[in-house]
Amino acid sequence: MVGELERPLVSNDVDLAQDQSNDLTRNYDLEGECHLNAALLRPPRTEGLVHKQRLSSASRRLALGDSVVGDVSDPLDGILVGQTLKRRVVTEHLVELQKHGRPANQSQNLRFGTENDRPQESVPNTDAISDQRSCLSLQVVSGPSCGLHCSVLSTSTARLPLTLGRVPPSYLLLKDYEVSGKHAMITWNLNKLRWELVDMGSLNGTLLNSRPINHPDPGSRLWGDPVELASGDTITVGTTSNIYVHISSHNERLVPFGVGMTSDPMSLRRGGKKLPMEDVCYYHWPLPGIYQFGVFGICDGHGGVVAAKSASKILPEMVATILADSVKRERVVSEQDASDVLRDAFSQTEASMNNYYEGCTATLLLVWADADENFFAQCANVGDSACFINMDGKQIKMTEDHKVTSCSERLRIEGIGEPLKDGETRLCGLNLARMLGDKFVKQQDSRFSSEPYISQVVHLKKSSGAFALLASDGLWDVVSFKKAVQLVVQTRERHPSETENLAEKIAEVMLDEARTQRTKDNTSIIFIDFDSISTVSSCKVRP
């Protein structure tokens, strides 16, 4: 199988838009609250409203352990008894403040806290109240350019107005002969604070939710009147190209691509012994105060789940702290390489863990965007929780297997002068030679290591069908990379018009396949669909 995997080639374009202006909020793309059972973001103490714990990727502190209960869509959910809100517009602004707090500036207060963290008091910020920025995302869901997508902020004046058409310099370039060269235009109406669509005198007209918006005089080639766009609208240009519209406030901070995450302890081993759940999977997009970077990871524990929980908390915290240094962050973007960041994060995590008789695998995928709207991914791992990226139908292996029986580990161990004996498949009873934690056995045998394997960087091309799959060995014991790709393709074919929950469906399909193949180990899966629009929240942890 290894021979079938190809290393990444750097490509030149991606179709996800972002704004990296250096204003106070330093926003990237879609922003959103954090909705999870064990990963809460807290605003600083210097701000005022008393409120329930709400989740936010823009806060300085991320605490793991508390839980959120209730419907996050309820605008009054964050208000405690005793607060009197007399005007709806004020209510909405206050709720936004409660959700999002103020952006973090540097690393001193970046913290992925403890289960005992409590809500803080905050004072309304007039700058945040007056911030009216909005993000528009478009995805072509049918027609010759199906899969094409982009997003733009209302403050991105260099990219506005946004033109839809068949020829450059159209922002959304549709390869559809029924679409005019310059077919329609989307603008941000600053006076009315809304997105508006106008037909530019196209030959075949423009429909919004199946209703024509072009000029009433047919064949005149005159522009139509602007009409307001709303999230969930469908724009039809030509006769077959349908474009799905998603609109969000800049404070929503949703993940800008599809993410599905699921896990199952897979209840029984041979002999009927129940399996404790020792996997932890998580993602954080964006990292607090570092809006163009996010992490996705899986830790598979052995000897218990404590080490996996510890690593899944500390490792993203270390990445966030390192990247809070603007020099290091800008070096990653300019050099298109985060090897040093990942290596240092693993080293600092190992040093911070106090797990002597428990350990875990750790696979972490770092994803970031540059100023030219390109997405990149790089992975680091110890152990046997694997990750691969599929792009243009080619599988790119992002991890290395660190079982004692693997060729790479045998060569590494031989290189330090203590080769394994013939038939030796374990060290101190463990089948892994690299892990985080397990301090006791590392003191007994120098052949153990916490040094991660670092992958090459993958430039995620637009409209390439790119996706990443991370999973613990419960999946890989029974499903090959090739089979996983087939399952993804089949699920996409069954749901061709799915725009919101496809990544979640694919993750569940993978888990069902592991059950069908009767895997005998805990199974955790993260599926990242770089070619879809997401509605998932900005961070999540699942034990």
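The values are calculated or read from the model by the stated rules, or taken from the named source; none is laboratory data. Note that the structure is a prediction, hence the values are computed from the model and not measured. Using ideal geometry, Cβ is built from the backbone for each residue, glycine included, and neighbour counts are taken over all protein chains shown. Only protein heavy atoms, including side chains, enter the accessible area calculation; ligands, DNA and RNA are left aside. Shrake-Rupley method; radii C 1.70, N 1.55, O 1.52, S 1.80 Å.
Summary of values
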quantity	calculated
Of all residues making up region 394-424, the number that are open to solvent by 70 Å² or more (accessible area, probe 1.4 Å) and among the β-branched types (Val, Ile, Thr)	2
Options Ser248, Ser231: the member that is among the hydroxyl-bearing types (Ser, Thr, Tyr), modelled with pLDDT under 90 and part of a loop (DSSP other than H, G, I, E, B)	Ser231
Members of region 363-393 found to be at positive phi and crowded, with 23+ Cβ neighbours inside 10 Å, listed by number	Gly383
Check on Val341, surrounded by 20 or more Cβ atoms within 10 Å (Cβ to Cβ), over 17 Å from the mean Cα position of the chain (by Cα) and over 23 Å from Arg447 (Cβ atoms)	yes
Selected residue [among the small types (Gly, Ala, Ser), touching a residue at least 24 places away in the same chain (Cβ under 8 Å), in contact with a Leu (Cβ under 6 Å, 6 or more places away or on another chain) and open to solvent by 10 Å² or more (accessible area, probe 1.4 Å)] from Ser464, Ser450	Ser450
Residue match in region 317-338 (condition: surrounded by 24 or more Cβ atoms within 10 Å (Cβ to Cβ), of a type in the set (Gly, Ala, Ser) and more than 24 Å from Asp372 (Cβ to Cβ))	no
Residue in region 410-431 that is among the β-branched types (Val, Ile, Thr), over 23 Å from Asn522 (Cβ atoms) and outside the structural domain of Cys360 (by the TED database) present	yes
Test result for Gly359, touching a helix residue (DSSP H, G or I) at 6+ places or on another chain (Cβ under 9 Å) and closer than 22 Å to Gln444 by Cβ	yes
Qualifying residues in region 218-240 (those that are surrounded by 17 or more Cβ atoms within 10 Å (Cβ to Cβ) and either polar (S, T, N, Q) or touching a residue at least 60 places away in the same chain (Cβ under 8 Å) (or both)) - the one nearest to Ser134 (Cα to Cα)	Leu229
Residue among Thr535, Thr519 that alone is modelled with pLDDT under 95 and either touching a Lys or Arg at 6+ places or on another chain (Cβ under 9 Å) or open to solvent by 50 Å² or more (accessible area, probe 1.4 Å) (or both)	Thr535
Selection status of Thr399, β-branched (Val, Ile, Thr), under 33 Å from the mean Cα position of the chain (by Cα) and not in a strand (DSSP E or B)	yes
Members of region 132-145 that are open to solvent by 30 Å² or more (accessible area, probe 1.4 Å) and either at pLDDT below 80 or closer than 13 Å to Trp188 by Cα (or both)	Gln132
Criterion violated by Glu493 - all others in (1) in contact with an Asp or Glu (Cβ under 8 Å, 6 or more places away or on another chain); (2) of a type in the set (D, E, K, R); (3) modelled with pLDDT of 90 or more satisfied	(1)
Qualifying position, being under 26 Å from Gly232 (Cβ atoms), open to solvent by 50 Å² or more (accessible area, probe 1.4 Å) and either modelled with pLDDT under 85 or not small (Gly, Ala, Ser) (or both), among Glu196, Glu178	Glu178
Matching residues in region 492-533 - criterion: being assigned to a helix (DSSP H, G or I), more than 22 Å from Ser241 (Cα to Cα) and not aliphatic (A, V, I, L, M)	Glu504, Lys505, Glu508, Asp512, Glu513, Arg515, Thr516
